[in-house]
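Please read the structure below before turning to the comments.
Every read-out reported here was derived from the displayed coordinates using simple, explicitly stated rules and does not represent laboratory data. On a predicted model such as this, the values are computed, not experimentally measured, just so you know. Neighbour counts are summed over all protein chains in view; Cβ atoms, including those assigned to glycine, are modelled from backbone coordinates with ideal geometry.
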Amino acid sequence: MLTPEEEHRRQQLEWLRGDAHIAHEAQRKSMGDNLGIVGSFSTAAMRAPALAAAGAIAALLGFFSANYRAISGTVGQQFFNDALFLFAASVLMTVLAPGLAYFSQYSFMWSLAKEELHWERPFVRSTKAAKRLNAVGVAIQVLAVFFTLSSIVLLVLGGISFLHLARYVSEVGTLPQIAVPV
């Protein structure tokens, strides 16, 4: 038979254990929820510049094919080369960004897995390993964001080079043609 004090202490420990169980389950659920949400948003954010750059490359190649005589061996060819390089670099950046985002998310997951679960408050405690893995995840995530933003900047710069090319071709088309003896 327990004394009233022992019964009270037992009840307190039971409540504490229940609170700890709730905190532990919330921690596990948080790990799963975060991975899915961030993954879906990052995929959409990184896919858009890749599709735009790939479409721009196709349009640029079609434009070059249609205007080969006006462009080949002129300053227009440099505009073409610049635009093609910038669009290809944009595609490369969008290919690298999801890979980095993937590794950042795993760093965050490993960080959460390295946290210690306790039966006293605070129920979930960060460890040195968890803090290091979280810092690695943040660094990689910043790099992935940089790659995505760089991809967008390269896409815009490629578009500007394409506009220079289009202007060059339109100006060449309006210049008087000099008859070359055959």
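For the stretch 14-30, indicate whether the set of residues that are in contact (Cβ under 8 Å) with a residue 12 or more places away in the chain and closer than 28 Å to residue 142 by Cα is non-empty. Yes: the stretch 14-30 contains one or more residues that are in contact (Cβ under 8 Å) with a residue 12 or more places away in the chain and closer than 28 Å to residue 142 by Cα.
For the residues 32, 73, 55, 36, the requirement of being at positive phi and either assigned to a helix (DSSP H, G or I) or surrounded by fewer than 20 Cβ atoms within 10 Å (Cβ to Cβ) (or both) singles out 73. Close contacts from the stretch 66-83, counting a first residue that is without any contact (Cβ under 8 Å) to a residue 60 or more places away in the chain and a second that is among the β-branched types (Val, Ile, Thr) and in a helix (DSSP H, G or I), with Cβ to Cβ under 7 Å and a gap of 6+ residues or different chains, come to 77/71. On the stretch given as the stretch 103-156, residues that are of a type in the set (S, T, N, Q) and more than 21 Å from residue 29 (Cα to Cα) total 4.
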